[in-house]
């Protein structure tokens, strides 16, 4: 539990003593330095198809869930990966995401107002969780009244995709696998409806790409709608919550931001570096090779601790200092190489608009729980809850 609460001392020790290390419990190599992680992510000698390597650890009855995960864009290589990215590209360009600004601002105001009226807010459940869910739901094309259920499904799905290549107990996997299959059936029905009466949303676009162009299969459409709804909310939720907490804990940085709001984009990059939302990612060795003085065998799983790379002093000056004026902040939170996060423009823009809105209120916020209780998922770095007092103007 100590490692989950504050993992950075462990990362520092491992970067210095075992930058590449074998973990028998996870049956995987682990990489901790920025240079090694960046090299692996950019290398064509490592495959993203880690489902094929880790699924054998689980019972046959769970394999349908791994069939679904194996179809998502972050788990496949080219050319399938390229087809999936191309199919979703139009919704996430810089030009496209700017069109969402008014909607994001309106939702920020709607979500924060009850807390302003009460003088207190549970920031996670009332703001940082629902905001990105509402935004991505509109882009994808699912009804806003369904987001509570979608969030439950996304949590189950996230638990599996972020932990399957380490270890999940059968009892946990059974419950979450059932929820994921319910998610599949829900999206299948939405795709079927979109084919009969398509809209201007991403769900309709992908459904038509499968039916008319033959680029994607129906199974790929459903699987990737799941990851879009999932990834489109969880990372931004963590960035918003971690950012508010870090700014309140570092009043000098908050003062800098109040005096110069143009620093907001830099502040967002620093928030993502300092508290990396997705702790680690994985790759499969395509051949026998040497890495960091170790013999890596073909088909070996390599886990890259992005959060460790983002605190590597070989890459970042004063890496354990939260500094929103940091320049050349090329962190690993969005990945790098061909699998750079497809929603990078949306995540950055949504966080920027939200912090521009929140900046007028941050000086009134006060943390009511100084000690952070981090979420249970070791591979998703965000608070479990965060109560804030809101002082009157």
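Using the per-residue mean of other Cβ atoms lying within 10 Å as a proxy for protection, in what order, highest first, do the peptides 40-53, 364-377 fall?
By packing density, highest mean first, the sequence is 40-53, 364-377.
Could you tell me whether the range 134-231 comes out rounded, prolate or oblate from its Cα gyration tensor? Rule is a ≥ b ≥ c as square roots of the eigenvalues, rounded for a/c under 1.5, then prolate if a/b exceeds b/c, otherwise oblate.
Note, shape of the range 134-231 comes out prolate.
Going by the alpha-carbon gyration tensor, a ≥ b ≥ c the square roots of its eigenvalues, is the range 92-157 rounded (a/c under 1.5) or, if a/c is not under 1.5, prolate (a/b greater than b/c) versus oblate?
Note, shape of the range 92-157 comes out oblate.
Could you rank the peptides 175-184, 237-246 by their average count of other C-beta atoms within 10 Å per residue, with the highest value first?
Order by mean packing, descending: 237-246, 175-184.
Simple spin-label model, 7 Å along Cα-to-Cβ: residue 10 to residue 106 in nm?
Result for the modelled spin labels: 4.5 nm.
Looking at [x] 69; [y] 61; [z] 57, which value of percent of Cα pairs over 25 Å apart comes from a calculation on the structure shown?
Comparing each candidate, only [z] matches the computed number.
Would you kindly state how much longer the chain becomes between residue 255 and residue 149 on full extension, computed as 0.36 nm times their sequence separation minus their alpha carbon distance, in nm to one decimal?
Full extension of this stretch gives 34.3 nm more.
What is the order of 336, 217, 327, fewest Cβ neighbours within 10 Å to most?
Arranged by neighbour count, lowest to highest, 336, 217, 327 become 327, 217, 336.
Please say if the range 58-194 is rounded, prolate or oblate, where rounded means a/c under 1.5 for a ≥ b ≥ c the square roots of the C-alpha gyration tensor eigenvalues, and otherwise the choice is prolate for a/b larger than b/c and oblate otherwise? Could the numbers behind the result be given before it?
Details: a/c = 2.15, a/b = 1.36, b/c = 1.58.
It comes out oblate by the Cα gyration axes.
Label points 7 Å out from Cα along the Cβ direction at residue 118 and residue 366: separation in nm?
The answer from the label model is 1.7 nm.
Note down the relative contact order for the range 169-327 as a percent, whole number, built from C-alpha pairs under 8 angstrom at least six residues apart.
16 percent
Given the C-alpha centroids of the range 168-205 and the range 54-84, what is the distance between them in whole angstrom?
Cα centroid to Cα centroid, the span is 15 Å.
Measuring from label point to label point, each 7 Å out along Cα→Cβ, what is the residue 288 to residue 45 span in nm?
With each label point 7 Å from Cα toward Cβ, the separation is 1.4 nm.
Over the chain, what is the relative contact order in whole percent, taking alpha-carbon pairs under 8 Å and six or more residues apart?
Details: 577 pairs, mean separation 105.2, N = 393.
Answer for the chain is 27 percent.
All of the numbers you see were taken from the coordinates with simple rules; none came from a lab. Not measured: the values here are computed from a predicted model. Note that each Cβ is placed from the backbone with ideal geometry, even for glycine, and that neighbours are counted across all protein chains shown.
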